[in-house]
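Since the structure comes first, as structure tokens, the remarks are kept for the end.
The values are calculated or read from the model by the stated rules, or taken from the named source; none is laboratory data. This one's a predicted model, so the numbers in the text were calculated from it and none came from an experiment. Here the Cβ is made from the backbone with ideal geometry for all residues, glycine too, and neighbour counts use every protein chain on show.
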């Protein structure tokens, strides 16, 4: 059970930062609150009592998004359902709709925020690999006297380990900033221990852009989650594919390379087997989204002979 002495709902960033600065030790910030409630139950944290819960869902500066100069700035209150429903976000962040549909059910997607998923810092957080592949940055704010001070850093550097981040004790995440992937094909792969509402054992994100002929990899972005303490960007495999003629054999060869990076403490052999299939499927699905034909079983089998 989760209880608190005070449940506070600021409506501006300044008010939120002031409340957070003055909050008693042990207080928590929430937005969608989709993780804290399962955490505060028997079997994970047991009964939890907090001095204050500060709900950021009404802070106007954290809502909405902008697209400008090749960047998409997502307010920290942007929820997963928006990646399914908003055509602009679907166009500029083409892997996120696939990530969102796997993320949870309709009710949770209406509440759960991408920023919260990142701050939670789970090694298997679904939204993290796509953001890392898009060179995502996280924006944070704090009060310096009465002045709001902001800083940004790469999400890949922000994550320090399971449940650990570079977020300061007086800071609030205000936005996630990603490169626009307009013109790319995107895909997301995920597997877990059940078919619905699944927590990832392994997940993978891919973005692919081809040259005008559709025969050359102009750009490739790849990232993996669930294989170690933090998600991984596969930059060496991206470099291997970029500028090369697209063949099923090349994709199959590239997919076999990341298996030795699985560093999870459990089910390593299973994860290594999954990783190869996921990278191959992620690249192929992203290519199909670019207009390439879907490979048949015979083509896949031939690439592994």
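Residue by residue, here is whether (1) closer than 19 Å to residue 163 by Cα; (2) touching a strand residue (DSSP E or B) at 6+ places or on another chain (Cβ under 7 Å); (3) outside the structural domain of residue 272 (by TED's automatic domain parsing); (4) at pLDDT 95 or above holds:
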site: 197; (1), (2), (3), (4): no, no, no, no
site: 206; (1), (2), (3), (4): no, yes, no, yes
site: 213; (1), (2), (3), (4): no, no, no, no
site: 224; (1), (2), (3), (4): yes, yes, no, no
site: 228; (1), (2), (3), (4): yes, no, no, no
Members of the range 72-96 found to be in a helix (DSSP H, G or I), in contact with a strand residue (DSSP E or B) (Cβ under 9 Å, 6 or more places away or on another chain) and buried (at least 19 other Cβ atoms within 10 Å of the Cβ), listed by number: 82, 89, 92, 96
message: Test of understanding: among 69, 100, which residue is within 30 Å of residue 208 (Cβ to Cβ) and surrounded by 20 or more Cβ atoms within 10 Å (Cβ to Cβ)?
response: 100
- prompt: Under the condition of being surrounded by 16 or more Cβ atoms within 10 Å (Cβ to Cβ) and part of a loop (DSSP other than H, G, I, E, B), which residue from the range 38-56 is modelled with the lowest pLDDT?
  reply: 40
task: Filter the range 160-178 down to the residues that are in contact with a strand residue (DSSP E or B) (Cβ under 6 Å, 6 or more places away or on another chain) and either in contact (Cβ under 8 Å) with a residue 60 or more places away in the chain or not assigned by TED's automatic domain parsing to the domain that holds residue 137 (or both), then identify the one that is surrounded by the fewest Cβ atoms within 10 Å (Cβ to Cβ).
output: 170
field: Checking residue 190 against (1) at pLDDT below 95; (2) crowded, with 18+ Cβ neighbours inside 10 Å; (3) out of contact with any helix residue (DSSP H, G or I) (no Cβ under 7 Å at 6 or more places or on another chain), the condition it does not meet
entry: (3)
task: Give the range 218-227 a look and list any residue that's part of a loop (DSSP other than H, G, I, E, B) and at negative phi, or say none.
output: 227
query: Could you list, in sequence order, the residues of the range 1-25 that are touching a helix residue (DSSP H, G or I) at 6+ places or on another chain (Cβ under 6 Å) and assigned to a loop (DSSP other than H, G, I, E, B)?
result: 10
- prompt: How many of the residues making up the range 1-37 are surrounded by fewer than 12 Cβ atoms within 10 Å (Cβ to Cβ) and at pLDDT below 85?
  reply: 1
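May I ask you to say which residue of 282, 298, 302 is part of a helix (DSSP H, G or I), in contact with a strand residue (DSSP E or B) (Cβ under 7 Å, 6 or more places away or on another chain) and either modelled with pLDDT under 65 or buried (at least 16 other Cβ atoms within 10 Å of the Cβ) (or both)?
282
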